[in-house]
Structure formats: C-alpha cells, structure tokens
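To keep things clear, I will list the structure first and then write my remarks on it.
What follows is calculated from the coordinates using simple rules that are stated; it is not laboratory data. As the structure is a computational prediction, the values presented were derived from the model and not from experiment. Counting neighbours? That spans all protein chains shown, and the Cβs are built from the backbone with ideal geometry, glycine included.
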Amino acid sequence: MADIVLSNVHKVYGHVVAVTDINLAIKDREFVVLVGPSGCGKSTTLRMIAGLEEISAGTIAIGGRVVNHLQPKDRDIAMVFQNYALYRHMSVRDNLAFGLRNRRVPADEIAAAVSRAARILSIEPLLDRRPHQLSGGQQQRVALGRCIVRNPKVFLFDEPLSNLDAQLRAQMRLELKELRLRVPTTSIFVTHDQTEAMTLGDRIVVMKDGVVQQVGTPLELYRKPANRFVASFIGSPSMNFITLRVSADGEHFALACHGWQFRLPARRFPHLGSHVGRSISVGVRPQHVRLGAPVNDDQIALNGAVTVTEQLGDEQLLAVRLGDGEIRIAGADPDLSLPTGTQIEAAIATDHLHFFDELEQI
Amino acid sequence: MNEKTRFMLALITPAALVLILFQVVPILTGADASFRDWTLHDPKRTWVGFANYLHVLRDAEFRDIVLPNTFGFMIATVACSLVLGLAIALMLNNRFPGRWLVQSFVLLPLMVAPVIAAIMIRWMFNDQFGVVNAALEGLGLAPISWLTQRWTTFAVILLTDVWLWTPWFALILLAGLQSLPPEPFEAARIDAASAWRTFRYITLPMLRPVMVVCIVIRAIDAFRTFDIVWTISGGGPARATELFSIYAYVEAFQFLNLARGSAAAVIGAIVIVVFALLLYRVLNRFVEVSK
Amino acid sequence: MTDIAAAPARSVGFFFALAPRGKAVFFALAATAVCLLFAFPVFWLILTSLRTGTGVYYVHRGTEFTTDNFHEVLSQEIVLRALFNSFMISTLATVLSLGVTATSGYMLSRFKGPIPNAWFSLIYIFRCVPYVAWVLPLYFVTQKLHIFDSYWGLLLPHIAVHICFFSWIMKGFFDGIDPSMEYAAMIDGCSRWGAFWRVAMPAAVPGLTALAILCWLYTWNEFLFALILTAHETPILTVVMAQFVHELGMEWHLMSATAVIALVPALIVTLFGQRYVIRGLRI
C-alpha cells in the first residue's frame, strides 16, 4: 500500500515561512497534482516528501511509515526533475541502471528491468546513446524510465513538462496518462500550469503562499471554487469578477453596480442575506455568458459595448465594457462581426454565478 | 583592405611588435645560434649544422638524468597537486564554520614567489638547523642530510612545487565544482548512490573538462620549472637534480656555450610542444566521452 | 521478477553514515591540517626573521625576538634599490601589458576569420615554448638594442609574455560582454575605436582590475627573466634573494628578513585585491 499522509507539515527557511500547515491524504495509486503560482510552496512540499528538504514541523508518512528522518534513497520513491537531471556522461542504459547498481541488484535482473522500462517507454533504440544526443522529449522519457525501472511506491514529478514546447507538452501529457495505465503508481505532480493540473490529476491541490487553498477533483474545483484565488486560477480564460452592492428588495436581493443591476430570488440564494448593505464580488466564467436575451427566469441580462474581439477559429472571445469594468465572453459565434462599440446583450444562468466576499466563496 | 581589417590589425599592432621583437626574434636567433659554433669566449659562429644537437642528445647527462628528471618531476608534481587540490576543493565545497579562514590559508602560497617558497622550504630542510631535522631528532630518528643526495633533494623540490601549486588546482576545481548543476546529485541521492559512488560516477566525470585543462596547463609549466630548482639545489648535488631548463642555462652561462644551451632549449621546446599536443588529444578523448 | 524496490541499499557510504557530530570533527581535523600545511612555511620564515643571528640556529627553542635583521637588510643599498626596481617594473609592466593585451583580447573576441585565427595560433604556440629557449638569446637581443640591464630591457620581454598569458583571459572577458552595446554606439556615430574605448573597456573594468592584480603579482614574483636580463645596474628583488642564498650561506636570519620584506607587498596586494579578482573572474 503506498498511500501518503502529510500531517501538519511546515517548512521554514530562517524567518521565511515557505509552507504552512499542510494536511493531505493521498490514496494508493492516486495521481495528485500540486498546482499554484511560483513561490507557492508546491516544489518545497514535493521535495520534503522526497527527502531533499528537511521538514521543519509535522510528519510525512509513506505506506504507513513515517519517513521524516529517512534518506531519499530509503523512502522507496522516484523523481523526475524539471530539467531531467540525467547523468550526462552516462549512456541511457547506464542512466537507467545506476540506481539498481547502487543497490547491488544482480546484473541479470538489472538488464531485465532496464529492457522492460525501455519497452514501456519506447526508448529501446536509444539505450546506447548519451543524453546530449537526444531530443527534449526523448530525454524526458529516459527520466521517466529511471523512475519506473526500480518499481518504487511513489512517483514524484517536479514540473517535468515545463521545459518542453507547447506541442510536445500536449503529447507528453497523453503519454503520461498512458503510462499511468500500464504502471499505476501513487504519484504527486507539481506544475504551475492549470491545464496540466486539470487534465492529469485525479485530485488537485491548489496552493498559494505556502497554504493549501483547496483540494478536490478537477470538476469540483471548476464548479465550486472555495475562494477567489482558486476561481481565478482554474479555468481558461479565467473567471470574470464584478463588484456589486447587495440590497434587499422584497423577496429578492438586488445586486447593482454602475452599469448593471439584476435581481435574484431570496429563496434560492439565502446566503446573500448576511451581506445586505455590503459589496461582494460576483464571478462568472466567460464560457457561461451567452450572447442574446435571457430565455427564462433563471437567467439574468447584461448589456454592454464591445471593446476588443479575439478570433480563435471555432469561437470568438469578446471583451465587453460593463459599467466601470470589463468582462470577457467566450464561445461567441466566429462569424459574427462585432466592431468596437457594438452594443450587445448577453445572458447568464443564475446557477453559473459565484459569490465571494473578501476571500471565501459565500 | 577594408576598414574592418584595418581595425583588426590596428588592435594587435603594438602587441604584435612586442611579440615579434622580443619573442619571435629571440627564438629564431636562438634556433639559429644552435646551428652554429658559438661560445662566449670564442664567438666564431661558424655553421656546424646539427653538431650541437647531436652533442646534447648524446650527452649521457642529458639522456639519463635531465630528461627523466624533468618528466618524472612533471608527472609527480601534477599528480600530487591534482589529488590534493581536488581533496581541498571537495572540502571547501561544503559549508562549515571557519571555511573562510581555511580559504584564506589556501590562498597563501599563491602570493608567495617561487623563489621565496624555495628559500623557506630549503631553510626548513637545512640539515643542521632546519626544523624538519629538529623534529626528527625530537622523535628519536636520525637526521637526514636532505640536500646532499639526489632523491631527498628531489623530495624537497617536489614538496615545494606541490606547496606552491595545490592551491591553484584547488581554486579552479572549486569553481568547477560550484558550477555543477545540483539536480544530478539530487537524483543520485534518490538513486541510493553512496558518497564514494557519487564522487566517482557523477562528480569526477562532470569535472573532467576542467581537470583536463588544468592538467595540460600545469604539465607544460612544470616542464619549464627553473626558479625553485635553481634556488634549492642549483641542479645539484653534482647536477643530479637538473631539469632541462637548468641544463640549458648551465650550458649557456656556466660553460659559456650559448650554442649548446640554445640547442638544448630547442630540443626541450620541441619535446614539450609535441607532448602538450599529445596530452591534449589523449585527454580530450575523455572530455568528448563525458560531454 | 523479484521486488527490486525491496533490495536494500547496502553501500551506505562513509559521509552519510557519519553522525553530524562525526562529520564536524572530520572537517575540523581536515581543515586544521590544510591550514597548518600551507601556513607553516610562511610562519617559520617570519619566526626566523625575528631571531638574532645566533638565535636562528635554534629557532624553535630560542626566546629572543629582534627586528635587527630588518634594519640590517634594509640598510643595504642593493636591497633598497632592488625593492624600488621591482616595484616600478611590476607596476609599469602591468599598466603597459593591460593596454596591449586588452586590444589583443578584444580583437580575438569580436572578430572571426583568418587574421584572428592566425593571431590566436601564434599566441598559443608561443605560450607553450619554454622560456629558456628564448631568454638566452634575449640576452643578446637586449644587448644589441642597448636596453640590457635597464627597465625597458625587462619590461618589453615581460609584456611579450603577458600577451601570451593574458590575451585569452581578456578574450574571455570580452566574450562575456554583450556586443550589442558597441553596435548601438556605432549606429549612434561612434567609430570602432570609440566603441572600444567608451563602451567595451568601461564594461570590462572588473575583469581588467582582476587581471591587473594577477599581472602585478606575477611580475613581482618573476625570477628567470630578471636573472638573465639584469646585472648590476638594475637589481631585482627575487634575484637578490636567490643570490643571498648562494652567497650568504649560513646567514639565514638575514635571508628570511629579505624574504619577508619581499612578501609584504604581495600580501598587501592580494588581501586588498582578492575581492576584485573574484568578482572580475566571475564573468
């Protein structure tokens, strides 16, 4: 069983707190992604799990065993680094075999393990080459090979796709998923790219400034972001936020800002009651704003003038002036001609509205 | 000749002038002198072809003592300073309290003139009053007459050269160590590599390009050593510790036979240039492999 | 297939196995040994120079200290002249060499083609030729030019050597300076010389400082050229010291005092310039 449990894990560098109170339970064979902007502590957390950084406080357990004081080599893990960290003066074969040789595994078993790993990753013809003779994608596969050759309990990935160009990155994402099917192993994957997080993870851990913001499946994070940061981080193009003032209006709540106002039935949105008289932040994804008039009572209307458009081929992205601010609309018909200044009307289903006070989702 | 070419030539003209007058011309003069009969008390300067060269090459002193001395010395000093320098570089690559102090001490020999170093160490090994013999006596051992026998004299000379040049190796290797990327080492920690295996299979191969350059440069310079041998033993006892540069000097300024001295110098020059090329090529193969 | 992951890592390794305490002790011992090895000869030299003439025979047992040796050595005219000459030669050689090697290195860095290649090969070959091969005939060349045993007779050969040694390092410095600044200057109306003087050289100042210090130290400590190319008119400190060894015989107290005096400027320059050398060579 290779579950990973982090309990109250902290990391401090002198006076700088890098990671605060992380609690995570990762199930056996689960693929968990740590995602967040630079400096959020995701790499630090990964390196603490690997044993490359000391844990300032708390415990980390792998397979039920507390590993705080174990050397990386004793934790039964394998790691893929951002710049692959291949041993550049060794052949691919030697790169794969190095870890096994250090552990005094018999030569024939090493050969078997190496050829199995090479077969899985389709790098057999490259076994006698040196890293500098390989392309970026091939080097990455060798790095993956180094992982699977030892059959460890845990795979750790530290932004392994960041050094690849966009097309190669997409391809490697697919290969990683295929690898998961053939060698299912508990995995922790660190990235700053939310697309990678969404496409690869069984569960995603969003981090910011050393604190876990939310843990959930990709769909949970997309549909029910716990706070403004997660809402703006997940999903592309990112969510629109408009500040609106709440007031009571009989059986409705009226939300208004300069240039936009609408009413919501109090029965369906009771939690707005405690915010009457104050301003809140309303979020809506560009994909959920549809051009055209509202078709039923569960939709609200929005009017504004187009400022810029971006043609993507199968859709258009619009930036629309709304009061003092701007919102973006995705999914517009690519054939529509919308020069700057065109007044448009759009509709939003009330289900697609997200409400945030300063930080949290209401 | 366009403007760019003129600029290029203008940039190097002063250097070229100095180089030609004070290096090319002397070397050519020396080469020329080596083909003539030119002693300082009898400057006939008649052409004698390769007579001087043959004389030097046939000279038992040169063949049996000077050349082996020079090569042996070169190999010994480069090997010792490399190993010691590497050890010190590895040590300085870690952070420990007082590291800055150790670093300052290591820099000490770099500012000492070879002549001064030779004087210091010669005094330490003085057979009557030197501190080394005093220590030996203190330990109950017999004092050694260091500078009257060939091999002990060589030991003293070797010690001086290693003392002088280990810091040079150490500093350059330290810079090399510090420029190595940390990730392969982290991967090696995960790959259960012990300290020794990490050193042998990861550190050393990655350091090889730097080491090769250091070895070649230092080997060439060691071949040409003059200062410390001259100061410690003058080539003695009885010319037993002569290196080839001393041999050439002795021929020219003590036997006053400039032609033979030049011939010896030219022979040495050819030897070292050929050796340097060979060494570079051999070691470069290792670098290619480890790139 | 056996469970490879279960194979224990048996080679634990010396360092990792040591408790942090053990590691610290090991480092302390090694560090002390290294410091002693490098400092001892210098310390012994200084100690010897502070002993009286008779005391020097038992340097490790004597109890008297004296500065008489320094007085006596410094009262000798030859030592004072040698001190002055060495200083002048080192400084002048450094200044002149820097100018000449800077242009040389700049040319090697900024241009490609047959001329730079030829220059590079020339320098490389002459760097490898042993000094003895050309110092002997230099003796005659300098005499013919009537500069033997004079400042120029030493300076010019030194500069020739410096060209070979330091052009590469200069090339390295200029390689590390972005040439776009010079192109911008030329577009703005500078000539190539102007771009070199006003843009490239100022940017190379850290490297130049580092090189100046190294060059000064190298010339201060140099022996062979001084030995062959000077006689009585221009005594040089390193030669004077070597002569003392062979002539003074037993008078190690005076020897040491002279050596210590020769060490002091080198020490000052190194301590003062260490920072600049490290900064400059980081390029």
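Each DSSP beta bridge with both residues in the protein assembly as shown is either parallel or antiparallel, and the antiparallel ones are about 80%.
Cβ under 15 Å from C:M170's Cβ, C:M170 left aside: what net charge do those residues give with Lys, Arg +1 and Asp, Glu -1? Net local charge, C:M170 excluded: +2.
Calculated FRET efficiency, A:D108 to A:V5, Cβ-Cβ distance, R0 = 41 Å: about 0.65 to the nearest 0.05. Working ranking of peptides B:87-96, A:331-340, C:131-140 by packing, defined as the average number of other Cβ atoms within 10 Å per residue, highest first, is C:131-140, B:87-96, A:331-340. Working ranking of peptides C:188-198, A:68-78, A:148-158 by packing, defined as the average number of other Cβ atoms within 10 Å per residue, highest first, is A:148-158, A:68-78, C:188-198.
For B:L54 and B:R6, the difference between the fully extended length at 0.36 nm per residue and the C-alpha to C-alpha distance is 12.7 nm. Compute the separation of the alpha-carbon centres of the range B:225-246 and the range A:234-298 and state it in Å as a whole number. So the separation of the two Cα centres works out to 95 Å. Here the label points at A:A349 and B:F253, each 7 Å from Cα along the C-beta direction, are separated by 9.9 nm in the simple model. Rounded to the nearest 20, the Cβ-based charge dipole of the range B:66-290 about its Cα centre (Lys and Arg +1, Asp and Glu -1) stands at 280 debye. Legend: calculated FRET efficiency, A:S337 to A:E124, from the Cβ-Cβ distance at R0 = 51 Å, rounded to 0.05, equals 0.40. Cα centroids of the range C:73-107 and the range B:95-164: 29 Å apart. Of all aspartates and glutamates in the structure, those lying under 15 Å Cα to Cα from A:K153, and not within fewer than 8 positions of it along the same chain, are A:D3, A:D28, A:E30, A:D74, A:D76, B:D191, C:D3. A Förster distance of 30 Å, applied to the separation of the beta-carbon atoms of B:R281 and B:T152, puts the FRET efficiency at 0.25. Taking other C-beta atoms within 10 Å as the exposure proxy, A:E220, A:E251, A:E345 rank A:E251, A:E345, A:E220 from fewest upward. Other protein chain C-beta atoms within 10 Å of residue C-beta, averaged over A:108-117: 1. Be a star and scan the range C:106-145 for residues whose amide nitrogen sits under 14 Å from the point 7 Å along the Cα-to-Cβ vector of C:Y183. So the set is C:110-111.
Report, to the nearest 10°, how far helix B:99-111 tilts away from the longest principal axis of the Cα atoms in chain B, using its own Cα long axis and a range of 0 to 90°. That works out to roughly 0 degrees. Candidate membrane-span-like segments in chain C, meaning DSSP H helices with Cα atoms spread over at least 18 Å of their own axis and a Kyte-Doolittle mean of 0.0 or above, are C:20-49, C:77-110, C:114-128, C:131-144, C:151-175, C:205-221, C:252-281, with no membrane implied. Given their separation in residues at 0.36 nm each and the Cα-Cα distance between them, A:A256 and A:D165 gain 28.3 nm when the chain is fully extended. For the protein assembly as shown, the 222 nm mean residue ellipticity estimated from helices alone, with every DSSP H stretch of n ≥ 4 adding -39500 (n - 2.57) and the total spread over all residues, rounds to -17000 deg cm²/dmol. Taking other C-beta atoms within 10 Å as the exposure proxy, A:S38, A:S274, C:S256 rank A:S38, A:S274, C:S256 from fewest upward.
Once both labels are positioned 7 Å from their Cα atoms along Cα-to-Cβ, the gap between A:R116 and A:E175 label points is 2.1 nm. For the segment A:78-91, counting C-beta atoms of other chains within 10 Å of every residue's C-beta and taking the mean gives 5. Take each residue of peptide A:65-74, count the partner chain Cβ atoms within 10 Å of its Cβ, and average: the result is 3. Modelled this way, with points 7 Å down the Cα-to-C-beta line, the labels at C:Q76 and A:A248 are 10.8 nm from one another. Among the listed pairs A:K42/A:K224; A:K73/A:K224; C:K112/C:K144, those with a Cα-Cα distance over 32 Å are A:K73/A:K224; C:K112/C:K144.
In the range A:4-233, what percentage of the DSSP-assigned beta bridges are antiparallel, given to the nearest 5? Here the antiparallel bridges make up roughly 50 percent for the range A:4-233. Name the residues of the range B:136-159 whose amide N is less than 19 Å from a point 7 angstrom out from the Cα of C:L47 along the C-beta direction? Answer for the range B:136-159: B:136-141, B:143-144.
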